[in-house]
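In what follows, a single structure is set out as structure tokens and then discussed.
Derivation of every value follows stated rules applied to the coordinates shown; laboratory data play no part. Computed from a prediction, not measured in an experiment: that's the story for all the values here. Cβ sites come from the backbone with ideal geometry, for glycine too, and all protein chains shown count toward neighbours.
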Amino acid sequence: MTAEASPTPSHSVPVESLTPEEAAAELEHLAATIAYHDRLYYGEDAPEITDAAYDALVRRNRAIEARFPELIRADSPSRRVGAAPTTGFRKVRHLRPMLSLENAFADEDVRDFFAGVRNFIKELRDDPSIPVEVTAEPKIDGLSISLLYEKGAFRRGATRGDGAEGEDVTENLRTIGSLPQTLRGAAPDILEVRGEVYIEKAEFLRFNEARAARGEALFANPRNFAAGSLRQLDPTVTAQRPLRLFCYALGEVSEEVAATHWDFLERLRQWGFPVNPKSRLCPTIEAALAFHREIGEERAELPYDIDGVVYKINRFDWQARLGMVSRAPRWALAHKFPAEQAVTVLKSIEISVGRTGVLTPWANLEPVNVGGVIVARATLHNEDEIARKDFRDGDTVVIQRAGDVIPQVVSVVAERRPAAAAPFSMRAKLTPPGATEPQCPICRSLAIREPGEAAWRCTGGLVCPAQAVERLIHFCSRLAFDIDGLGEKNILAFWSDGLVKTPADIFRLHQRDAEIRAREGWGEVSTRKLLQAIDRRRTISLDRLIYALGIRQVGEATAKLLARHYGTFETWRGQMLSATESEESEAYRELTNISQIGPSVAGDILAFFREEHNREALDDLRRELREITPVLMPSAAASPLAGKTIVFTGTLDKMTRAEAKARAEALGASVAGSVSAKTSYLVIGADAGSKAEKAKALGVATLTEAEFLAMIAGGQGQA
Ligand code: IVH
């Protein structure tokens with residue numbers, strides 16, 4: 001603690017008896033003291049005083065300011081409410097998004113991956129004798145980070161965050177011994193390198209044992225350890241953690257550094273980055289699968305935890321052409337090891353209510369350790385699945401965890417079934433004693449299972465509190481509004497106390513800050529932090545907003561498609577309101593003409609807009625927001641195709657149709673199936689049919705394949 005911030009304000013003197021000089025001195029002292037404790041608190045781990053003691057300081061400050069308003073300081077703590085956090089991690093935008101990986105478990109899935117690549121790249125499809133090399137790398141389960149080097153010097157390091165934006169943990173990363181501060185030899189002016197921060201198994205155990213001996217909380221697994229260590233506000237704490245690093249991917253780069261991933265790994269080594277020595281160049285699928293088997297056998301002896309192998313198409317030019325789907329590259333695959341399993345008792349089958357009213361059965365389990373994580377519940381999917389596997393209350397079951405996937409119940413240990421165990425029935429479970437019809441366990445509305453559907457649903461709709469709460473939880477979740485401090489627990493509590501009922505209410509919470517501050521577990525700082533987090537989200541991108549609405553079948557990818565196609569919130573909303581579910585409706589034709597949006601998805605979107613309550617809630621929300629920003633892929637911002645609608649017709653010579661579509665989309669275009677007045681360009685290949693004539697009649701611009709390629713040239717890179 002620094003001398004000027006020692007926390008002993010003259011509480012003994014009643015505010016009424018303070019002289020202006022004393023008041024000014026105390027306000028100065030309080031400003032420094034409160035700022036000091038803010039810094040500690042934002043460090044999460046390190047507060048020195050209780051919330052109550054902190055609140056007393058803030059109240060004292062407020063009381064003095066109320067009596068001497070002319071003495072309120074420019075740096076007064078009372079002025080900081082609603083301002084940017086004084087400390088904590090700065091958010092940084094990655095120069096290129098950090099992607100995730102598609103998973104495969106069976107060898108068959110790996111073969112499908114290779115087949116998909118062959119079908120996407122025209123030369124490979126036409127000539128099966130061209131080999132497709134991949135690199136294979138052990139997949140370490142740590143924390144992915146992005147490192148930015150400028151003119152060979154380490155400038156900035158960030159966590160992955162949501163893939164587009166992470167947290168600036170530069171100073172903490174500097175404490176990792178193997179991270180090069182300056183690069184050996186010539187390097188591009190801008191070089192973004194991706195890698196994994198992890199801890200070795202032995203060191204993890206040693207560290208946890210020492211914590212146990214000191215009576216401190218233990219880290220659940222090595223991955224949490226790495227994450228917790230990197231997110232320390234004080235780098236000297238991070239420096240005491242035995243963190244390590246392997247680098248394995250390229251982000252933004254100002255000049256070409258290699259033609260293949262394998263050569264890139266070699267350049268990383270030359271620059272001084274740690275690269276996993278186990279990585280191997282595999283000329284064939286069989287070689288890749290053999291690597292997976294070998295590493296799987298070695299797994300237990302490796303000094304670090306791995307959960308699979310990552311394959312990457314070796315040629316960078318092919319990687320660029322393959323591009324990505326949703327959030328994962330088409331050129332890489334995570335081949336996971338078999339899931340970790342454990343045996344435990346299924347205490348009971350319970351039902352939860354989702355945001356769209358689906359009633360999902362889940363297993364309430366005797367807690368058990370599965371591969372380092374304690375599991376107490378697992379999903380059971382739906383009634384048919386339970387019947388197929390014949391799960392019953394009291395059964396001994398095998399459960400498994402695979403990567404980040406929610407734990408699953410795999411099978412029953414038949415010999416251990418209690419004599420009294422009765423087959424499970426959703427109807428019986430949902431029908432309480434004395435009732436004649438199945439009911440929603442929360443709102444008691446009728447529960448139904450429509451013919452042809454696997455799911456039971458609550459028919460309560462807006463009256464069902466469980467659905468309302470689940471919608472709010474979804475609204476605040478990471479890929480939606482991503483509001484720090486509004487997780488499941490707090491939303492539930494706020495909801496049941498009437499603080500929030502609709503999304504817009506979240507943005508009006510500042511009007512109720514006194515009520516929040518007075519709640520158990522909440523104080524001055526945590527309330528301010530929450531209100532700041534909410535305020536920051538008054539600016540939101542259109543795709544996040546659409547996703548946040550929780551419309552059935554509109555996940556992250558569909559939300560992105562819609563946002564990109566319609567551009568602005570007003571256009572999207574206007575079009576959805578004017579569309580009717582029929583081919584007569586132009587707005588409907590436009591919606592279903594977006595590739596990947598069929599009548600079923602379109603129907604759910606329009607059903608959402610038909611509900612008056614939804615329209616009102618959306619408009620109410622809009623009034624609370626500052627700005628809804630359009631979405632463009634980073635590389636698409638300056639592209640000639642951004643915001644354009646493109647249709648392809650005929651056989652292309654250089655690209656498969658899948659590649660053409662993917663490349664247009666990567667540059668911000670929306671690809672449609674048929675020509676209309678809204679089409680920006682029709683790209684015409686060989687043997688084109690009626691579409692070309694229609695384009696001519698409508699005055700739509702047409703391009704040859706060569707013209708299209710010239711237009712997009714240079715606009716794409718790696719992920
Ligand atoms: S490549 C497109 N390579 O796995 C590039 N990722 O499930 C994406 N990971 O977020 C990453 N080892 O944290 C790549 N050799 C490796 C990896 C690896 C571990 C992690 C990484 C990523 C996650 C995706």
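Of the residues Tyr681, Ala186, Tyr547, the one whose Cα sits farthest toward the positive end of the charge dipole of the chain, with +1 on the Cβ of Lys and Arg and -1 on the Cβ of Asp and Glu, is Tyr681. Placing +1 on the Cβ of each Lys and Arg and -1 on the Cβ of each Asp and Glu in segment 494-538, which of Val500, Ala518, Ile534 has its Cα farthest towards the positive end of the resulting dipole? Farthest along the dipole direction, towards plus: Ile534. Here is the P(r) of the chain: all C-alpha pair distances, binned every 20 Å from 0, give 14, 42, 37, 7, 0 in whole percents.
For Ala387 and Glu48, the FRET efficiency from 1/(1 + (r/R0)^6), where r spans their Cβ atoms and R0 equals 60 Å, is about 0.60. Counting other Cβ atoms within 10 Å as a rough exposure proxy, the listed residues Glu524, Glu488 run Glu488, Glu524 from fewest neighbours to most. Other residues with beta-carbon under 9 Å from the beta-carbon of Glu192 carry, at +1 per Lys or Arg and -1 per Asp or Glu, a net charge of +1. Expressed as a whole percent, the proportion of Cα-Cα pairs in segment 249-390 lying more than 20 Å apart is 66%. Length available on full extension from Val463 to Ala435: 0.36 nm per residue minus the Cα-Cα distance, which gives 8.1 nm. When you restrict to C-alpha pairs under 8 Å that are six or more residues apart and normalise by the size of segment 448-594, the relative contact order lands at 18 percent. Taking only the alpha-carbon positions of segment 306-399 and ignoring solvent, what does the Debye formula give for the base-10 log of I(q)/I(0) at q = 0.15 Å⁻¹? For segment 306-399 at q = 0.15 Å⁻¹, log10 I(q)/I(0) is -0.78. Exposure proxy for Leu641, Leu289: other Cβ atoms within 10 Å of each Cβ, ordered fewest to most, give Leu289, Leu641.
Bridging of Lys678 to aspartates and glutamates at a Cα separation below 14 Å is possible for Glu586, Glu590, once same-chain residues fewer than 8 apart are set aside. Taken over the alpha carbons of segment 530-606 as equal point scatterers, the Debye sum produces base-10 log I(q)/I(0) values at 0.13, 0.15, 0.17, 0.21 Å⁻¹ of -0.40, -0.51, -0.63, -0.90.
Structural descriptor for segment 257-402: relative contact order 18 percent, calculated from alpha carbon pairs under 8 angstrom and at least 6 residues apart. Distance check, please: which entries in Lys278/Lys336; Lys312/Lys654; Lys312/Lys691; Lys122/Lys691 exceed 28 angstrom between their Cα atoms? Over 28 Å Cα-Cα: Lys312/Lys691.
Note on Glu350/Ala514: beta-carbon distance plugged into 1/(1 + (r/R0)^6) with R0 of 35 Å gives a FRET efficiency of 0.40.
Modelled spin-label separation between Arg444 and Leu492, with each label point placed 7 Å from Cα along the Cα-to-Cβ direction: 2.1 nm. Approximating the spin labels as points 7 Å out from Cα along Cα→Cβ, the Glu611-to-Asp112 distance works out to 3.3 nm.
In the calculated pair distance distribution of segment 651-708, what percentage of Cα-Cα distances lie above 15 Å? Value for segment 651-708 (Cα pairs over 15 Å): 48 percent. Dipole size of segment 244-371 about its Cα centre, with +1 on Lys/Arg Cβ and -1 on Asp/Glu Cβ: approximately 280 debye, rounded to the nearest 20. Could you point to the residue in His474, Gly452, Leu462 farthest towards the positive end of segment 423-500's charge dipole, with +1 and -1 charges on the Cβ of Lys/Arg and Asp/Glu respectively? Farthest towards the positive end: Gly452. Cysteines of the chain lacking any other cysteine Cβ under 4.7 Å from their own Cβ: Cys247, Cys282, Cys476.
For Glu256 and Asn224, a Förster radius of 56 Å and the Cβ-Cβ distance give a FRET efficiency of 0.90, rounded to the nearest 0.05. Entry note, segment 420-517: relative contact order of 13 percent, from Cα contacts under 8 Å with a spacing of 6+ residues. Here the gap between Val325 and Ser129, fully extended at 0.36 nm per residue and compared with their Cα-Cα distance, gives a gain of 67.9 nm. Over the chain, dividing the summed -39,500 (n - 2.57) contributions of all DSSP H runs of at least 4 residues by the number of residues returns a 222 nm mean residue ellipticity of -10500 deg cm²/dmol.
Counting beta carbons within 10 Å around each of Leu333, Leu147, Leu124 and listing the fewest first gives the order Leu124, Leu147, Leu333.
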